[in-house]
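Undergrad: Sharing a structure below in structure tokens format, with a few things to ask.
Just so it is clear, none of the values below were taken in a lab; they were calculated from the coordinates. Worth saying up front: this structure is predicted, and the values here are computed from it rather than measured. FYI the Cβ positions are ideal-geometry reconstructions off the backbone, even for glycines, and counts take in every protein chain you see.
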Ligand SMILES: NC(=O)c1ccc[n+]([C@@H]2O[C@H](COP(=O)([O-])OP(=O)(O)OC[C@H]3O[C@@H](n4cnc5c(N)ncnc54)[C@H](OP(=O)(O)O)[C@@H]3O)[C@@H](O)[C@H]2O)c1
């Protein structure tokens, strides 16, 4: 799984799945711009990543801010001299039942998970068309199945899938691959941001009952997808822990 000479932007690279993807890409020989809002965590990821000297460049970017998302993509393309792979991985999960929800949290999820993905994708397209590149969208099992307590999160991930399938049809003739990755439960910081104590306890209990995925399990899957020959497009990858039922 060789990425020598490939130029990648990973958005949402400061922890969890995005950090693991960054390390996997750099370890496979890619040059990577690792983007997110927390500079200390991006510096840690940059220091951990193996690969060619200065393989990873940290970049501050907030996908919930359209101007930041768009200028970040332009800056990454400038630093790398183009883009072969762009990973839309930034996301927040602020689950609660609809009745107990704070609409401000709905807005944050929509701005980050859905609109952020739209703006980054749109800004990246000219670069990906030029390189006949690959766009990876981190969706979720919640992009396929909606569950009580995670309606708005699921709505954002269903939205990512709907957008990505339409985009795939539009850009396939130009040689651009769109890959949706739909992980089940992964051991990351995602549930630590839940403001509802009952949902936090539920997430911890569910994660404790089974052997969940490690971020590197997902990163390896993404690395596999982006290193297929150009005529092979893995459009949709659902990857659950073996014991996860739904
Ligand atoms: N963990 C799971 O079980 C699971 C399952 C299915 C799908 N996913 C999806 O996987 C993706 C990564 O999540 P994770 O589980 O690895 O959790 P995580 O460790 O909390 O990582 C989330 C990443 O998103 C970034 N991010 C959040 N808001 C952002 C913003 N406004 N602008 C830029 N970056 C932002 C964070 O960086 P900063 O905070 O530094 O900005 C961080 O790098 C998400 O899209 C999530 O929905 C996770």
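Undergrad: Can you give the helix-only mean residue ellipticity at 222 nm for the chain, where every DSSP H stretch with n ≥ 4 adds -39500 (n - 2.57) and the sum goes over all residues, rounded to the nearest 500 deg cm²/dmol?
TA: Only helices count here, giving -13500 deg cm²/dmol.
Undergrad: What share of all Cα pairs of the stretch 7-239, in percent, falls into each consecutive 5 Å distance bin?
TA: Whole-percent P(r) values from 0 Å outward: 1, 7, 15, 20, 21, 17, 10, 5, 2, 0, 0.
Undergrad: Quick one: if you stick a label point 7 Å off each Cα along the C-beta vector at residue 209 and residue 242, how many nm between them?
TA: Each label point is offset 7 Å from its Cα along the Cβ direction, giving 1.9 nm.
Undergrad: Scale the Cα Rg of the stretch 1-68 by the rule-of-thumb value 2.2 N^0.38 Å and send over the ratio, two decimals.
TA: That ratio works out to 1.02.
Undergrad: Could you order peptides 156-164, 137-145 by the average number of other Cβ atoms within 10 Å of their residues, highest first?
TA: Averaged packing, sorted descending, gives the order 137-145, 156-164.
Undergrad: Give me the mean projected area, in nm² to one decimal, of the convex hull enclosing the Cα positions of the stretch 102-216.
TA: One quarter of the hull surface, i.e. the mean projection, equals 7.9 nm².
Undergrad: Let me ask something else about it. For the stretch 167-246, take every pair of Cα atoms, bin their distances at 10 Å starting from 0, and report each bin as a whole percent.
TA: 16, 37, 26, 16, 4
Undergrad: For residue 107 and residue 202, compute 0.36 nm times the residue count separating them, minus their Cα-Cα distance, and round to one decimal in nm.
TA: Gain on stretching residue 107 to residue 202: 31.9 nm.
Undergrad: Calculate the length of the line joining the C-alpha centroid of the stretch 199-231 to that of the stretch 14-69, in whole Å.
TA: The stretch 199-231 and the stretch 14-69 have Cα centres spaced 18 Å from each other.
Undergrad: Please report the relative contact order for the stretch 7-239, taking Cα pairs under 8 Å with a sequence separation of at least 6, and give it as a percent rounded to a whole number.
TA: 20 percent
Undergrad: Using the Kirkwood radius built from alpha carbon pairs, what does the Stokes-Einstein equation give as D for the stretch 1-128 at 10 °C and 1.306 mPa s, in µm² per second?
TA: 108 µm²/s
Undergrad: If one takes the longest principal axis of the Cα atoms in the chain, at what angle in degrees, from 0 to 90 and to the nearest 10, does the Cα axis of helix 39-48 lie?
TA: So the inclination is approximately 60 degrees.
Undergrad: May I ask for the distance between the Cα centers of the stretch 86-109 and the stretch 156-173, given as a whole number of Å?
TA: Distance between centres, Cα-based: 20 Å.
Undergrad: Compute the Kirkwood hydrodynamic radius of the stretch 148-200, taking the inverse of the mean of 1/r over all pairs of distinct Cα atoms, and give it in Å to one decimal.
TA: Evaluated on the stretch 148-200, it is 13.5 Å.
Undergrad: Right, another one. So for each of 178-188, 219-229 I average, over its residues, the number of other beta carbons within 10 Å; can you give me the resulting order with the highest mean first?
TA: Taking the mean over residues of other Cβ atoms within 10 Å, the ranking is 178-188, 219-229.
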